[in-house]
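Here the structure comes first, spelled out in structure tokens, and everything after it is commentary.
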Amino acid sequence: MKMGFELNLSQTQKLIMTPELRQAIQILQFNNVELMEFIYKQLEVNPFLESVDNKVQESSSDERAEYEKSDFDKSDNKDEIDWKEITEKYDDLSYKAYEKTADSDEKQTFESYTSKKMSLKDHLMVQLGVSVKTNKEKRIGEFIIESLDNKGYLGCSIQDISLLLNEDVVEVERVLRLIQTFDPVGVGARNLSECLMIQLKEKGIQDKNAYIIAEQYLEEIATNKIQKIAKDLRITVSRVQSICDIIKMLEPKPSRGFIVDSDNIRYIVPDVTIEKINGEYIIIVNDNNLPVLTISGYYQNMIKNLDDKEANKFLSDKLNSSMWLIKSIEQRRMTLYKVVESILKFQRKFFDEGKTALKPLVLKDVAEDIGVHESTVSRATNGKYVQTPIGLFELKYFFASSLSESDGEGISSTSVKSQIQKLINEENTQKPLSDQKIAEMLSSEGINISRRTVAKYRDEMRIPSSSMRRRF
């Protein structure tokens, strides 16, 4: 076999992910909050980027300074002062600014007029201060309040508190009973059963069976084993049913409604808004809160007059980076607008009639409609929300799988879920519909669906089975 070295010339095409392309893809994936954070970081590191808002504020402040200076220069000549003109100029009673007094040194802000929720521990500390008489009771009470978990339950035992504070167990128990009478009702309980019994007592429930059920039969309530509870307590099923209804209305988490340390509330800011005006839908990309970027003219002139090659190269790179960033942000806005416009075209009946009119839709349909790749549509819709006249929805919500109908057309899974929810809401609670019965009812309406699919959709909607929904 002959072996040797040869040089061959071949031509191939490859897609190389440049840093600029990676940045454009990353910007497309950002929602409004993430994009705002990214822009502010770029404003800090790139001197060529300027916010138009800041520029306007600086120019207005310069104009104000020049105006004040001109007024001061005019006031130097006392003979030329026209007092009548000055009084007419400033005699405007439509607005009066807040005057700075000795008591209010801080500037008046919007937060000065908004209320702040009190935390659970602060709320309990206030009640403790007006309920105890001695410093020892206050010390024990403060320790118990600081030991509460995020649900409002006591996370340690009475014996542990007694050892740590070197106090009598009876005294600690007495202070704990006092805290359990505070608002919210059920706070300071050591478990769920005790929390529910405290609330039953506060409501004035006299039936001892209610306390027995709350203490011993919570698992049976969760699995709807009403007949077993009735048999054990030797009372009627209807009586057990009414007691369980009362227990289900109680609050299992007393801390609900108060601020706790682990709260990390994330508010949804819609990226796009769809408004219906005179029968037509208008798409508005929500970028009002984003700073408008522009290129600094000062550094542009510096590049022209700079002789240092390294500094010139650094500034040129920053200039190209800032121009690419502005282009990527505008491209993101246009892509997002086109995607929402295409979704609106495909799902027009949804916006007119509601969730039951949602059609099957996949990423490929929108991608072919606007002439982009499916991955671009996926990135443009991932984690973004749209505010519509019928509610707030994630853009991924409008892409639903298809189920076949008897007439050959498809129906979305979201629409089927809405119909399942409607059937369950209208069912007889004493004889709830089984999954097989729901499948048969949907089949009679022309929707081909199996019992397993009904069970799957019902679990996704967190609807319990027919045995759990049954009422006696």
Chymotrypsin sites (Phe, Trp or Tyr not before Pro) restricted to DSSP loop in the range 267-347 with at most 14 other C-beta within 10 Å: Tyr267
Of the trypsin sites (Lys or Arg not before Pro) in the range 1-42, those whose Cβ has at most 10 other Cβ within 10 Å and which sit in DSSP loop: Lys2, Lys14
Per residue, accessible area of the range 120-249 with a 1.4 Å probe, heavy atoms of protein chains only, in Å², comes to 55
Looking at this model, which pairs from Lys225/Lys253; Lys384/Lys417; Lys253/Lys355; Lys276/Lys456; Lys364/Lys384; Lys151/Lys208 are more than 30 angstrom apart at the alpha-carbon? Lys253/Lys355; Lys276/Lys456
By the scheme Lys and Arg +1, Asp and Glu -1, what is the net charge of all other residues having a beta-carbon under 10 Å from that of Asp369? 0
Solvent-accessible area per residue, Å², over the range 272-400 with all protein chains present [probe radius 1.4 Å]: 56
Where the accessible area of the range 272-400 is counted over protein heavy atoms with a 1.4 Å probe, how much of it, in %, is carbon and sulfur? 49
Accessible area of the range 411-465 belonging to carbon and sulfur atoms, whole % at 1.4 Å probe: 43
Along the range 129-137, Karplus-curve 3J(HN,Hα) (6.51, -1.76, 1.60; θ = phi - 60°) to the nearest Hz, with x for Gly and Pro, reads x, 9, 10, 9, 10, 10, 5, 5, 5
Grab the other residues whose beta carbon is less than 15 angstrom from that of Glu20, score K and R as +1, D and E as -1, and report the net. +2
Could you work out the per residue convex hull volume over the alpha carbons of the range 120-249, in cubic angstrom? 117
On a C-alpha basis, how far is the centre of the range 127-172 from the centre of the range 357-383 in Å? Whole number, if you could? 58
Amide proton proximity set for Lys276, modelled H, under 5 Å, gap of 5+: Ile282
Send over a whole-number figure in Å² for the accessible area per residue of the range 411-465, probe 1.4 Å. 56
Given 10 Å bins starting at zero, what is the percent of C-alpha pairs of the range 301-350 in each, up to the one with the largest pair distance? 22, 26, 18, 15, 11, 7, 1
Pairs of alpha-carbon atoms within less than 8 angstrom and 6+ residues apart define the contacts here; what relative contact order does the range 272-400 have, in percent? 25
Share of carbon and sulfur in the accessible heavy-atom surface of the range 122-252 [1.4 Å probe, %]: 52
Cα-only Rg/Rh for the range 186-273 with Kirkwood Rh rounds to 1.16
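The values are calculated or read from the model by the stated rules, or taken from the named source; none is laboratory data. Just so it is clear, the structure is predicted and the values come from calculations on it, not from any experiment. Neighbour counts are summed over all protein chains in view; Cβ atoms, including those assigned to glycine, are modelled from backbone coordinates with ideal geometry. The area values use the complete protein model at the heavy-atom level, side chains included, leaving out ligands, DNA and RNA. Shrake-Rupley method; radii C 1.70, N 1.55, O 1.52, S 1.80 Å.
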